[in-house]
Structure formats: structure tokens, C-alpha cells
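This report refers to the structure that appears directly beneath it.
Just so it is clear, none of the values below were taken in a lab; they were calculated from the coordinates. It should be emphasised that the depicted structure is a prediction, and the values quoted were computed from it without experimental measurement. For neighbour counting, all protein chains shown are included, and Cβ atoms are generated from backbone atoms with ideal geometry for every residue, glycine included.
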């Protein structure tokens, strides 16, 4: 036992801050404000108005209980996981309807979600969310604010981790970030204005997406008409060409499949030639996007040989989706080599090489080729005999030229429409960002200067802390 005289010194209790002191603590000084806002708005630090109190939930302790889980992956579907406790492997956070969730993982990805409560089950959220709660601030207002450009820049200003999925926003800093706070009625008007504008943009986006996505369908329709004679019906009428002029042919009769390689025995080993690996052919564009240059000695054996004007057609499974094919263009020293997974198709006089090119890229042709592929699943190949014995109705050479001209013209128009739709889609995303930027500057035309300052709302919020 230790002897002592007098009274023990007791720790002093912290003096509670007055509402004015708390107000000064919550308000962001003018020099730290990201930008100007209307006079009846205020800038506040997020943590000063966040009333969420952390509460951990261990679902595994209640294995038969069903939870409504707001996980990061489920945000992509905008619907939480409805899941039993036994299937949840770690502790979660308790949340309530109208809580706003800010994702900590890789803040470059703009992930903000509001708890909606779709079921009567207990609401929980992944620990990868920072949870914001305040019953006096419109939850949708906060959700849109956290999605705006200025706030995303703050989210990236203090992170831990190397990058990508290892990067994390740090909650202690997030709580210090400033948010613009307008009067409550203005918050509601801002939300209504954003949602009205976004709804119009989403409607336009849906129509544009249909245009972009339907390119393949429209292309297939054009090629179907081309190879059934419908596309040039008027041309035949105008040029006195009979509908009976199309002849039954085998592809092997009008095209040589894998013609004999050039005789290179007398050529210098160091002669530079073009080399086209499989990856150099774009299955989307249907062309050779680049080719390598190699010395002849490196490609003499073990590779396919082709010349300018040949059509190359990839025969393996992974390349059949869009029909990886191309017409060979200019080659170094007029000599080309490439993967043996290409069939080389060399047209005879009665077959236009571009007509053949469009034919082998047609969905009908690809479907027939896929149906007869042989070999190990995943690495099957189109038999050479399929090409040689492929039956086709072949128009006259002059009509082939016209068909090619029409196909090229129509597909160019369709591609232009697709590209325009894709550019418009990109502009819609930029327009949404612009709307959010204007919304949180008070520039949507919804603010009423006569309304009481948001300072009164802030005092009410702080009074309940």
C-alpha cells in the first residue's frame, strides 16, 4: 500500500463545445473552399455532419438468418445480395435505409450507392464502404454530390496502397473533405433537376446504344441480301442481266485453297519479307492492322506463304466469332508469310477477291464453317475440304464488282452511324458530369436567394450531435 496525503488529482472533464464553437469547427474557411457557392449555402466538413456510429455485425453467428447485404460487387446490378448468414464469410457493418455508401476500393472508380431496403431483412454492408448518415440532409443530394468531379478529386488526394484494387481511400481524410450544403428545400430541387435531366439523357443513351449495338445485325442483313441477289436486283434489271445468270460453283473451282509456296531456294536468306502473325489481323476491322518484317531465313519453313491480293482466313475456334479474315495488301519485296492457322485463298479470274472476302466474313458462312469444325474442343479447326467443296451461287464478274461496291458503300454508312452513336454516348457521360458540376455550384437555376441560409440547417444538425 502506498501512503499519500491530500486528495487524488482527478482528470478534468472535457468542456462541451458551444453550438457556436461547433459551428466554427464544422464550417470550411474561405481559403479552403473548393469554389464559390450561392450566399445562402455553406461549406461544411463531411465528418461534422456524418452521424453514422459504427456497429459491427457477425452474420456467421446467425447462419440461418437472411440478410440484405450491400456488397461492392452487387452495386453493378444496383441490387443487394439477399443471402444467409452461413454464406457470409466476414463481419459486416450495420446500415439503415437512406445511408449513403462511399467505396474505399480504388476511388478512381466512381462507386457511390444509397441503401434502399428492398426486403424486411436486416441491412448490412461490406467493410469496404465508408458510411454517411444524416437525417437532416437529403440522401440523394449527398449521393450525387459524392459522384461529382470535385469530390472524386478529393477522394484520390489521400490514398493508401500501390494502385488498382490495392488502392484505398482513407476514411480519416474523407471525413475532413468539404461538401456544399444548401437549404433542405434547395437540396430537393437539385435532386429533382438532376434526375429529370439524367432521365432524358438515359432515354437518349438507350436509343443511341441500340444504334451502336445493332451494327452487326444491320451488317448481316446487308450481306444476306448481297449473296442472295437481292442487293443487285435493280442493277440486273437495268443492265439486262438475267436472274438465272448466277451459277452453282464449288469454291475450290474458282479459288485455290493454300496455293503452292513460292520457290525461295534461290533467294537470299537475309531478304526482308512481311510476316503476319494471327494477332496482326483485326477480327473487328477485318484487316491486317500491322505486319512485322523478318528475314527470309526465319520464315522459310513452318509458316504459310501468301501474296498481295490473297484472302487469308483464320481457321481456329477463337477466331470464328467475327471471321478473322483480311485481304493481303502491299508486302515487303512482294513476299508474305504468316501463321499456319490461316488458310490462304487465291481467287481465279472468275472470282473477285473482295467478293470472296465479304462472303467468308458473312455470318451464314461462319455458321456453316463452325458446324463442321474438327479437333479438340476450344482449338477446333475448319477442314480444308469444307472450303474446297463449299457450294455457292456465283454471279457474273461484273455483278460481283457491283455487289462489292454496294457492300462497301452501305457498310461505310453503317459504320459512320455506329461511330456517331458511340461518340454521342461518350458525350452523354460528359454531359452528366457537367450537370453534376453545375448542380453543386448552384448553377441549375433552382436556388432561391430569399430562402433562409443553410447555416440554420447546419445549426439544427449540430444541435443533435
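Once the range 321-352 is narrowed to residues that are under 22 Å from residue 378 (Cβ atoms) and out of contact with any strand residue (DSSP E or B) (no Cβ under 6 Å at 6 or more places or on another chain), the residue that is surrounded by the fewest Cβ atoms within 10 Å (Cβ to Cβ) is 321. Would a scan of the range 439-454 turn up a residue that is in a helix (DSSP H, G or I), in contact (Cβ under 8 Å) with a residue 12 or more places away in the chain and surrounded by fewer than 18 Cβ atoms within 10 Å (Cβ to Cβ)? No; the residues of the range 439-454 include none that is in a helix (DSSP H, G or I), in contact (Cβ under 8 Å) with a residue 12 or more places away in the chain and surrounded by fewer than 18 Cβ atoms within 10 Å (Cβ to Cβ). One residue is enough: does the range 100-118 have a residue meeting the conditions farther than 27 Å from residue 44 by Cα and not in a strand (DSSP E or B)? Yes, that holds for at least one residue. Scanning the range 171-186 for residues that are in a helix (DSSP H, G or I), surrounded by fewer than 20 Cβ atoms within 10 Å (Cβ to Cβ) and in contact (Cβ under 8 Å) with a residue 12 or more places away in the chain yields a count of 4.
Yes or no, residue by residue, for (1) over 28 Å from residue 135 (Cβ atoms); (2) part of a helix (DSSP H, G or I):
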site: 53; (1), (2): no, no
site: 60; (1), (2): yes, yes
site: 63; (1), (2): yes, no
site: 75; (1), (2): no, yes
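Residues that are under 19 Å from residue 92 (Cα atoms) and either free of Cβ contacts under 8 Å to residues at least 24 places away in the same chain or part of a loop (DSSP other than H, G, I, E, B) (or both) within the range 122-165 comprise 126, 127, 128, 133, listed in sequence order. Look at the range 368-380: where a residue is within 17 Å of residue 322 (Cβ to Cβ) and a partner is loosely packed, with under 13 Cβ neighbours inside 10 Å, sitting 6+ places away or on another chain with Cβ atoms under 8 Å, you get 380/374.
With the structure loaded, tell me whether residue 168 is surrounded by fewer than 18 Cβ atoms within 10 Å (Cβ to Cβ) and either in contact with a strand residue (DSSP E or B) (Cβ under 6 Å, 6 or more places away or on another chain) or under 26 Å from residue 456 (Cα atoms) (or both) or whether it fails that test. Spelling it out, residue 168 is indeed surrounded by fewer than 18 Cβ atoms within 10 Å (Cβ to Cβ) and either in contact with a strand residue (DSSP E or B) (Cβ under 6 Å, 6 or more places away or on another chain) or under 26 Å from residue 456 (Cα atoms) (or both). State the number of residues belonging to the range 192-208 that are closer than 21 Å to residue 419 by Cβ and touching a helix residue (DSSP H, G or I) at 6+ places or on another chain (Cβ under 6 Å). Count: 3. Scanning the range 284-320 for residues that are within 20 Å of residue 369 (Cα to Cα) and buried (at least 18 other Cβ atoms within 10 Å of the Cβ) gives 286, 310, 311, 312, 313, 314, 315, 316, 319, 320.
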